[in-house]
Amino acid sequence: MGIRIIGTGSYVPDQILTNRDLERMVETSDAWIRERTGIGSRRITEAGTTDMAVKAAKRAAEQAGIFPEELDLIIVGTSTGDCLFPGTACEVQAAIGAGSAACFDLSAACSGFLFSLNTACVYLESGEYETALVIGADTLSKTVDWSDRGTCILFGDGAGAAVVRREESAGCIGPFIMKADGSRGECLKCSAVPLRNPFLDKQEDAFGYMAMNGQEVFRFAVKTVPEVMEAVLEKAGVPAEEIQYFILHQANERILSSVAKRMRQPVSKFPMNLERYGNTSGASIPILLDELNRQGKFNRGDKIVLAGFGAGLTWGATFLRW
Ligand code: COA
């Protein structure tokens, strides 16, 4: 028995926010943003995380050729659900008609899709479930302080999804490694529900914005991502040279090329779409996976590494054979 991705889907909102638009909002320039990040534009939604997740999910289910009732499990990797409860996965279940699926959200910021995929695979491997829908969806535009040029240039909204199935095949997902260091949580943080109750002297009435130490996050990513990818390749017993694609969280072009250099692998093996979408957090890996899949880039048996990193701090890598 193997576990395979049998369908992918993605959705990005229509509204485009370019670097030129940002020039009118904060002191920055298209040239600076492109040089320091590789980002040219990003998408912004008015509709919210569930709406995008549902659209991506429907496309993945259609490509997989499954009926929603066949889904045993739905996990949504998100840190920006529209509601604190119910979870986004429950809302997706209702919207697509997957009434018998177990549903929950997983909060691991930009590592959210990767950690959700790994979690789904453990359930499938246990034999308990056969077919899972894994989604990464985020609306970071609602957490960004649009007057902070250090963060507002980086992020965008979107959703991506994959249908994963246990079946008779040579495909596999895993081994994987998931890491976290909560002691460094402050360097990328967004507080949520404010304290509001009659027993406090001080009432908080606003949600916090995202705050980030960009340089620290940069250093964290370029060190830990190559390490965790090398560790997962060693676990898989596969040399880096045999990998067709390293599909990484799309945070910054300089991070990705530095990782490629440290791995002594050509940057052409590190596909990127961040020029168009910026950093879409939990959605970035599945959006890219879906784009490559629909472009026919994957062949059966291709060896691929996925790697994510983000707030927590969290990071990890997964080996998969398509
Ligand atoms: N436009 C113009 N200038 C800017 C700017 C902007 N949008 N943002 C910062 N600057 C300025 C700074 O104020 C600083 O000016 P100073 O030298 O006069 O003090 C200068 O540019 C350099 O700032 P610095 O923070 O050193 O820039 P950087 O090269 O580290 O780039 C980031 C900043 C945020 C692009 C970069 O640190 C980064 O991408 N970090 C990783 C963030 C990330 O990926 N987070 C999500 C992870 S999931």
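Along each principal axis, taking the top coordinate minus the bottom one, the Cα set of the range 124-258 gives 60, 39, 28 Å in descending order.
Distance between the modelled labels on residue 145 and residue 262, one decimal in nanometres: 2.8 nm (7 Å Cα→Cβ projection). The length gained on full extension between residue 36 and residue 238, counted as 0.36 nm times the residue separation minus their Cα-Cα distance, comes to 69.4 nm. Sequence-ordered 3J(HN,Hα) estimates for the range 139-150 from the Karplus curve with 6.51, -1.76 and 1.60 and θ = phi - 60° stand at 10, 5, 4, 8, 9, 7, 7, 6, 9, 9, 5, x Hz, glycine and proline given as x.
Ignoring lysines fewer than eight residues from residue 189 along the same chain, the ones with Cα atoms less than 24 angstrom from its Cα are 142, 179, 202, 223.
The alpha carbons of the chain give a radius of gyration and a Dmax of 18.9, 62 Å, in that order. Residue by residue, the range 193-204 carries 3J(HN,Hα) couplings of 5, x, 6, 9, 7, x, 8, 9, 5, 9, 9, 9 Hz when phi is fed to the Karplus relation 6.51 cos²θ - 1.76 cosθ + 1.60 (θ = phi - 60°); x denotes Gly or Pro.
Near residue 259: Cβ cut-off under 12 Å, other residues only, Lys/Arg at +1 and Asp/Glu at -1. The net charge is +3.
When you count the other C-beta atoms within 10 angstrom of each residue and take the mean per peptide, 180-190, 306-316 line up highest first as 306-316, 180-190.
Would you mind working out the magnitude of the charge dipole of the chain relative to its Cα centre, with +1 at each Lys and Arg C-beta and -1 at each Asp and Glu C-beta, to the nearest 20 Debye?
Dipole of the chain, to the nearest 20 debye: 940 debye.
Taking other Cβ atoms within 10 Å as a rough exposure proxy, 229, 178 sort from fewest to most as 178, 229. Around the amide H of residue 108, modelled in the peptide plane, lie the amide H atoms of 78, all under 5 Å away and 5 or more residues distant in sequence or on another chain. Cα centroid distance between the range 113-151 and the range 252-322, in Å? First find each Cα centre; the distance between them is then 15 Å. Packing, as the average of other Cβ atoms within 10 Å across residues, places the peptides 103-114, 253-264, 230-241, 279-290 in the order 279-290, 103-114, 253-264, 230-241, highest first. Amide H contacts for residue 158 (H built 1.01 Å from N in the peptide plane; partners 5 or more residues away or on another chain; cut-off under 5 Å): 138, 140.
Counting only DSSP beta bridges whose two residues both lie in the range 40-188, roughly 45 percent are antiparallel. Between residue 170 and residue 199, the simple spin-label model (points 7 angstrom out along Cα→Cβ) gives 6.2 nm.
Each peptide in 48-55, 221-228 was scored by the mean count of other Cβ atoms within 10 Å over its residues; highest first, the order is 48-55, 221-228. Taking every DSSP bridge with both residues inside the chain, close to 70 percent are antiparallel.
Each reported figure results from applying straightforward, stated rules to the coordinates on display, with no laboratory input. Source: prediction; values computed, not measured. Positions of Cβ are backbone-derived with ideal geometry, glycine not excepted, and every protein chain shown enters the neighbour counts.
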